[in-house]
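The values are calculated or read from the model by the stated rules, or taken from the named source; none is laboratory data. None of these values were measured; they are calculated from a predicted model. Cβ placement follows ideal geometry from the backbone for every residue including glycine, while neighbour counts extend to all protein chains displayed. Note: areas computed on protein heavy atoms with side chains; ligands, DNA, RNA excluded. Shrake-Rupley method; radii C 1.70, N 1.55, O 1.52, S 1.80 Å.
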Number of protein chains: 2
Amino acid sequence: MSDGLNERSRQILEAIIEDHIDSAEPVGSRAVTRRHPLGLSPATVRNVMADLEDLGYLCSPHTSAGRVPTEKGYRFYVDTLLKVRPLSDAEQLGIASQYQLKGLPMEELLRQAGQVLSGLSRYAGVVLAPRVATTVFRHIEFVRLSQVRILVVLVTRSGLVQNKLIESDDTPSQSELDQISNYLNQILSGLTLPQIRQKLLEEMSQEKALYDQLLGRALRLSEEAFGGDMEEKVFIEGTSNILDQPEFADVGRMRRLFRTFEQKSQLLDLLDKSQQAQGVQIFIGSESEYHEIEGCSLVTSTYGLRGGAVGSIGVIGPSRMPYSMVIPIVDYTARLITQVLNGTTSQER
Amino acid sequence: MSDGLNERSRQILEAIIEDHIDSAEPVGSRAVTRRHPLGLSPATVRNVMADLEDLGYLCSPHTSAGRVPTEKGYRFYVDTLLKVRPLSDAEQLGIASQYQLKGLPMEELLRQAGQVLSGLSRYAGVVLAPRVATTVFRHIEFVRLSQVRILVVLVTRSGLVQNKLIESDDTPSQSELDQISNYLNQILSGLTLPQIRQKLLEEMSQEKALYDQLLGRALRLSEEAFGGDMEEKVFIEGTSNILDQPEFADVGRMRRLFRTFEQKSQLLDLLDKSQQAQGVQIFIGSESEYHEIEGCSLVTSTYGLRGGAVGSIGVIGPSRMPYSMVIPIVDYTARLITQVLNGTTSQER
DNA sequence: CGTTAGCACTCGAATAGACGGAGTGCTAAC
DNA sequence: GTTAGCACTCCGTCTATTCGAGTGCTAACG
């Protein structure tokens, strides 16, 4: 076989990984033969296990313990061995019924999704909220709060509402602001924020602004409104679930994980990456230099609108994770979120 | 003395508690005499310690360990023995410099305050965000998003911006909405939300609405806008700091604490309670039936506008906490926040 | 009478050794 | 190629022992 494993080796590897996922303990050769009727003796299994260890799929914590999957082992398992059973209708309903989707603002909806995922998986739920930067402009409104402060309300096509307060010494009157927003709504509709920035630059360089004072103001204002830190938001829900996992009985490991949760930048990177691709994606341990989440895996999927993904949602837990349960749950949840978002969007049209 | 402690007993109690705060370990009689020049022998101290134990200020984990403060002990300490040294100018500057206050929306400001508190104290920072329900109405704006959806932007006098999406089959046009918001801004300015609700009810019952269709719509709309779940928000920042505390080496305790953090309702209660009073308040352990935070203390203060408190901010950590450091930090931070909020408010006038 | 020295006692933490069990790797036989 | 057998390794657990810190009590001291 291309990966150097014959059918039997695969079966044994699968058996070991699944036993380990169940038990959280190293798996020995006897245990494999007992729980899996392969018609082989422990000795044979031992030989195969030695081979699997040589190939890097397994390792032993010490001489006389059983074997434990390596990251490479898990990777091979999820890529090749794992067969995910789709959720039954009843299961889908069970999940869907945990949501109260009615009239929630998007942020709350996403948080809730994270909580539900966390509850179902018994791990932590993670959510990458839609990035304003990639969504499509729909509507802008300026509200003059005072002589120096203006509230900018930005609505994207997906229904995401973003507020920003900008301060300026020279705020236009409300009626001027209304004109400005009318103008911006006209020329910017349907563009993404990066496109908008470029467009604004073009407009400004065209010098029209020089003889149209209002236009000039509009452009300066919108520069402020669209610039700056529309930062991306990561929610992590149900972190305390992870405390139940035996692998985190060690306080040091826990601490590292929670620090990672707090920084969020690592997770943000990963969730961001997951958005490039379609469907469920799985990140295992410190693959691709994310050392802080060593021993953990992240199962994500993307949600979004017809067009494409606007965010990611998933579950983080120890690499020893029942992928065959978690994957369909994440998958279905992402679809559910997508449905809801599209539902409200369609009303908007 | 009224509490049954003479001067010497107090000194010894103070010494024990402070030693324990430093060391996290039971304090023995010898240790007290060594580190505190009271001119007493260990035996004498032992006698006093036995008395203090009888009175409930101390207890021993087991026969031949030193003594550890009880909750009653900590309570007596913070109420009677503790003398807080106000922060020096340099220290104040050191804290203030950690903030980037410019142009942050309030939620971010508060989160940041929580993070700074957490960083300074090495415990977790907690923040109760202003409750919309008690703040004063300043401005309302309706933005028509679609045939069935309206965005309500509500600005309170303290500068808090609250969004709400409401859905209705029969949305007025934008110009009607503008009329409505003008009307509401006129009649509601300066009222609190509960007052507003009452006022709305009155207006509606006055039947003026019956023959003024627009007014009727306005009232129905604002009913929706001001009703519903303007829930209170608690932020907890820097939870992973707490993992460093030796008292949480035990995983079970940690788990309970983190669960409490996730539920937030306990903390919300306490923070809410802290808002009743002025200045720094200290909640110790499971005093007043909050059993979930047994062994933990909460140091809070309120921030707000001239008028009164709109929220609380504080630090949660083990009861064995250097109160003499934490209290002035919390106190100063709360003042700082208040200043900033009032600063932006005054600009608004 | 308050304070102190002395002493027996208690208990937990740390250390070391013994034991059992689970599991391996190797070799030789099937 | 597979399997049985066997020696070996190593961990986790249990026990016994020791050590030290700290207490409570009693008697002596000023």
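What the table shows:
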item	result
Count of the range A:1-56 residues which are within 10 Å of DNA strand C (Cβ to nearest atom) and of a type in the set (Asp, Glu)	5
Subset tally (residues that are open to solvent by less than 80 Å² (accessible area, probe 1.4 Å) and away from DNA strand D (no atom under 13 Å from the Cβ)) for the range A:37-76	15
Subset of the range B:251-273 (residues that are in contact (Cβ under 8 Å) with a residue 60 or more places away in the chain and open to solvent by less than 20 Å² (accessible area, probe 1.4 Å))	B:Phe261, B:Leu267, B:Leu271
Single unsatisfied condition, B:Val310 versus (1) at pLDDT 85 or above; (2) surrounded by 18 or more Cβ atoms within 10 Å (Cβ to Cβ)	(1)
The range A:285-307: number of residues that are in a strand (DSSP E or B) and either closer than 13 Å to A:Arg131 by Cβ or open to solvent by 10 Å² or more (accessible area, probe 1.4 Å) (or both)	3
Lone qualifier among A:Gly285, A:Gly279, A:Gly308 - being over 19 Å from A:Gly114 (Cα atoms) and without any contact (Cβ under 8 Å) to a residue 60 or more places away in the chain	A:Gly308
Every residue from the range A:11-35 that is open to solvent by 40 Å² or more (accessible area, probe 1.4 Å) and either closer than 22 Å to A:Val78 by Cβ or away from DNA strand D (no atom under 15 Å from the Cβ) (or both)	A:Gln11, A:Glu18, A:Asp22, A:Ser23, A:Glu25, A:Pro26, A:Arg35
Pair list, Cβ under 7 Å, 6 or more apart: the range A:61-74 residue in the same structural domain as A:Gly295 (by TED's automatic domain parsing) and modelled with pLDDT of 90 or more, other residue assigned to a strand (DSSP E or B) and more than 16 Å from DNA strand D (Cβ to nearest atom)	none
Residue count, the range B:1-25 (criterion: closer than 22 Å to B:Thr80 by Cα and not in a helix (DSSP H, G or I))	7
Residues satisfying the stated conditions in the range A:250-284, i.e. of a type in the set (A, V, I, L, M, F, W, C) and either facing chain B (nearest Cβ under 9 Å) or assigned to a helix (DSSP H, G or I) (or both)	A:Val251, A:Met254, A:Leu257, A:Phe258, A:Phe261, A:Leu267, A:Leu268, A:Leu270, A:Leu271
Some residue of the range B:83-101 being within 14 Å of chain A (Cβ to nearest Cβ) and either within 22 Å of the chain's Cα centre (by Cα) or within 16 Å of DNA strand C (Cβ to nearest atom) (or both)	yes
Test: residue in the range B:322-332 that is away from chain A (no Cβ under 14 Å), under 19 Å from B:Val127 (Cα atoms), at pLDDT below 95 and surrounded by fewer than 21 Cβ atoms within 10 Å (Cβ to Cβ)	no
All positions within the range A:123-166 that are closer than 17 Å to A:Phe235 by Cα, at pLDDT 75 or above and within 13 Å of chain B (Cβ to nearest Cβ)	A:Ala124, A:Gly125
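Let's see how each residue does on (1) out of contact with any Asp or Glu (no Cβ under 8 Å at 6 or more places or on another chain); (2) of a type outside the set (Ser, Thr, Tyr):
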| position | (1), (2) |
| --- | --- |
| A:Glu18 | yes, yes |
| A:Ala31 | no, yes |
| A:Gly73 | yes, yes |
| A:Asp79 | yes, yes |
| A:Arg85 | yes, yes |
| A:Ser121 | yes, no |
